[in-house]
Each structure stands twice: as C-alpha cells, then as structure tokens.
Amino acid sequence: MEFQSCVNINKEWDIVGARQIGRDFARKIGFGTVDQARIATAISELARNIYLYAGTGKICFETIEEIDHKGICIIAIDNGPGIAEISKVMEDGYSTSGGLGAGLPGVKRLMDDFDIVSEQEKGTEIRAVKWVR
Amino acid sequence: MRIPILKLHNYLLISIQIDLDDQSAIQFQEDLLSKIHKSGATGVVIDLTSVDIIDSFIAKVLGDVVTMSDLMGAKVVLTGIQPAVAMTLIDLGIHLQDVPTALDLEQGLIKLRQELEE
C-alpha cells in the first residue's frame, strides 16, 4: 500500500466531494471509464450511509499494488451506532430510511472484494476493493 | 444549485449538467412539479447526457419524479443515459422498469409525441 488519502464526511455535500476525489484517484490508478463510474457510485453509497446513519465519519482511498495487479481499496469508517443485523442490510431492498435498499448489496456487486465489520455503539468499518482489469 | 427548466410548446426540457447532490436533486423534483403545474405541460424530457454518476438516491429521486409527474398528467422521458451509468445502475440492482427512456433528446421528443398521440 503506497498512497492514501481521506475525506471527512460531515455534511451532505461531502458525499459529492468524496466521490469526485475517489473518481480522480481511480483514474490515476488506471481504471477505465466504466470502472471509474462503479467506484464513484460505491463511494457515494458508502458516504451517504455514513451521513445518514452515523452523522460523521471518513472515507479513505488506498492504492494496492501486488506483483501482477493494481487496485483501489475504499475504506469507510464511522463511530456511529453500528449495524445490528449485517445479513439484513446486505439484502436487496432492505432500508430503514425510505431509500431503495440498494446501497450495501450494490456496493458489494460494484466492487470485487467487500468486507464489513460493525460493533454496536462503537461503529462500522467497510473495506471494498476493486482491481484494475 | 438550481437546474434550469425550459419550456417548449407543451413540453418542458431539462438538461442536467451538474454533479447532483441530494439537496439539488430534491430541489429539482419540487421545481419540476411546480413548473408542470404552472405551465400545464403535458410532456417532459430530462436529459442525462452529462451525468456520469447515478447512485441509489438519485435513481430514487428520478424514478419518483416520473411517477409524480404521471400523477399530475405529464409524461416524462429520461434520455441520454451513458453506458457506464446504465451498467452501474444494474450492478446496484436498480432497473427503472416503468420509466420511459430514449437514446437522446431527439428520440425522447419522438417518444413523447407517440405517447401523447399528437
């Protein structure tokens, strides 16, 4: 892991800021247009979840370099209420905020690897990785 | 940021050219409905050619505005959805099945005319 940058999520506009910075970051790594859109959309979903459910948190981007391939890791961290039933939020159509319930299961499909750790009253950390093809 | 809504005969034309944040999207929804109400427009084209990200929230706002306009008696067609946007929407599991779409503004106006049988 060579390079990292983080964006704080405190207000609604930060969702747009995070996805613009993330898209730039992805372009520099060498992702094509479609994957840039996938990555930016995933960031948008993760940032909105932080804003809606935790209030504040941050999104970090890391370049991952291995011998034969390169990728981006998006890390979304908050100190919010945590998620009681992770299997529930990974179901398509499940939402407690009147949304489409497409966010987290969507992020999982948009990215290659997806990992979520959440502790009630402590917070949530999500890591999502996409590899350059 | 307000999105301009242009009137052309019985139609309203909108080209979204900004990176939509949630507040602008909600504002646009309200502006469009009130413009339909005031102008008596029967058809609306929302062109998304310059939009390079539609996440689940924006998709919901767009889907809702189509249904809301329909309730008021105006048909909405979404046009110019980019290939990358179409792919990410399907990854998100969002199919926008009841939403009329067309390739570009021109096709969108043709579709409106057909739907409204003018």
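Laboratory data are not the source of any read-out in this text; all were calculated from the coordinates shown. Here the structure is a predicted model, which is why all the values come from computation and not from measurement. Here the Cβ is made from the backbone with ideal geometry for all residues, glycine too, and neighbour counts use every protein chain on show.
Apply the Karplus curve 6.51 cos²θ - 1.76 cosθ + 1.60, θ = phi - 60°, to the phi angles in the stretch B:7-18 and return the couplings in whole Hz, x for Gly and Pro.
Running phi through 6.51 cos²θ - 1.76 cosθ + 1.60 with θ = phi - 60° gives 9, 9, 6, 8, 10, 10, 10, 10, 10, 8, 10, 10 Hz.
Whose amide H sits under 5 Å from the amide H of B:Lys75, counting only residues 5 or more places off or on another chain, with H placed in the peptide plane?
For B:Lys75, the qualifying residues are B:Gly43, B:Val44.
What is the dipole size for chain A, taken about its Cα centre, with +1 at each Lys and Arg Cβ and -1 at each Asp and Glu Cβ, in debye to the nearest 20?
Dipole magnitude for chain A comes out near 460 debye.
Check the straight Cα-Cα distances from B:Lys38 and name the aspartates and glutamates below 14 Å, setting aside those fewer than 8 residues away within the same chain.
Result set, ordered by chain and number: B:Glu30.
If contacts are Cα pairs under 8 angstrom and at least 6 residues apart, what is the relative contact order of the stretch B:6-116 in percent?
Value for the stretch B:6-116: 28 percent.
If the limit is 18 Å between Cα atoms, which of A:Lys58/A:Lys88; B:Lys35/B:Lys75; B:Lys75/B:Lys111 go over it?
Exceeds cut-off: A:Lys58/A:Lys88.
With both bridge residues required to lie in the protein assembly as shown, what share of the DSSP beta bridges run antiparallel, to the nearest 5%?
75
Quick one: 3J(HN,Hα) in Hz for the stretch A:113-120, Karplus 6.51/-1.76/1.60 with θ = phi - 60°, rounded, Gly and Pro as x.
Rounded to whole hertz, the list is 10, 8, 9, 10, 10, 9, 10, 4.
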